[in-house]
Amino acid sequence: LEVVTLEDHSVPLVTIELAVRNGSFTEPPELNGLSHLYEHMFFKANRAIANAEQYLQKIGQLGIAYNATTREEVVHYYFTTTSPNLRTAMNFMRDASRHPLFDKGEFEPERQVVIGEIDRNESNPYYYLNLEMTNRLYYKYPSRKNPLGNRQTVSAATTDMMRLIQSRYYVPNNSALIVTGDVQFEEIFKMAQELFADWPRRDRDPF
């Protein structure tokens, strides 16, 4: 696991990001959209907190802002909070990245959320212009330039497919942990060792 840290003590804030080399460039047509759907499941129930509502409530009580983005070549997740909550946020990152439950009761509503994003994009005429350009420019593998994903693939997705994505790409030898803000770099490396050292690497690098 690559660990990157940048100290900035100007304000008492810290941001923790996990960047995973994944995204649409890993997706043939039959998997297009699964990286994006996985991103949506990242902030759901995990081994530490089995109820997603309780999990998000706990984050909210601590004033932790969080979000994620799926692009062509990277999926990244972040927590931003005040520096006294550093360890708590690092724990959240570990539990979300390493121990997702992929609860089927949570999966179906989140799949509908992603389909809703596709609906909104398809309601915009520029979507079709961009789609036509992509299909012509990258005619051999257009799915690898479509982080949003296609409706058919997302509609047919299962929790088993989420575990497939996890086993392929959510491994330390395909990820980077970036911590910036009001931190001491020695503390970050020590904490990363403590929380992530037993994360088993994939025998072969995904790429």
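Yes/no per residue for (1) in contact with a strand residue (DSSP E or B) (Cβ under 6 Å, 6 or more places away or on another chain); (2) at pLDDT below 85; (3) in a strand (DSSP E or B):
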site: H9; (1), (2), (3): no, no, no
site: A19; (1), (2), (3): yes, no, yes
site: N22; (1), (2), (3): yes, no, no
site: E30; (1), (2), (3): no, no, no
site: S35; (1), (2), (3): yes, no, no
site: F43; (1), (2), (3): no, no, no
site: Y55; (1), (2), (3): no, yes, no
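Test Y170 against the criterion of being more than 17 Å from I118 (Cβ to Cβ), hydroxyl-bearing (S, T, Y) and surrounded by 16 or more Cβ atoms within 10 Å (Cβ to Cβ), and give yes or no. In short, yes. Within the range 82-101, the set of residues being hydroxyl-bearing (S, T, Y) and touching a residue at least 40 places away in the same chain (Cβ under 8 Å) comprises T82, S83, S97. Residues of the range 77-134 being touching a Ser or Thr at 6+ places or on another chain (Cβ under 6 Å), within 19 Å of L164 (Cα to Cα) and not in a helix (DSSP H, G or I), which ones? Listed by number, the list holds a single entry, F102. With respect to the conditions (1) without any contact (Cβ under 8 Å) to a residue 24 or more places away in the chain; (2) assigned to a helix (DSSP H, G or I), A192 lacks only one, and its number is (1).
The condition of being open to solvent by 40 Å² or more (accessible area, probe 1.4 Å) and of a type in the set (G, A, S) holds for only one of A68, A48, that being A48.
The values are calculated or read from the model by the stated rules, or taken from the named source; none is laboratory data. These figures come from a predicted structure and were not determined experimentally. With ideal geometry, Cβ positions are generated from the backbone for all residues, glycine too; neighbour counts draw on all protein chains shown. We work out accessible area using only protein heavy atoms, side chains counted, and drop any ligands, DNA or RNA first. Shrake-Rupley method; radii C 1.70, N 1.55, O 1.52, S 1.80 Å.
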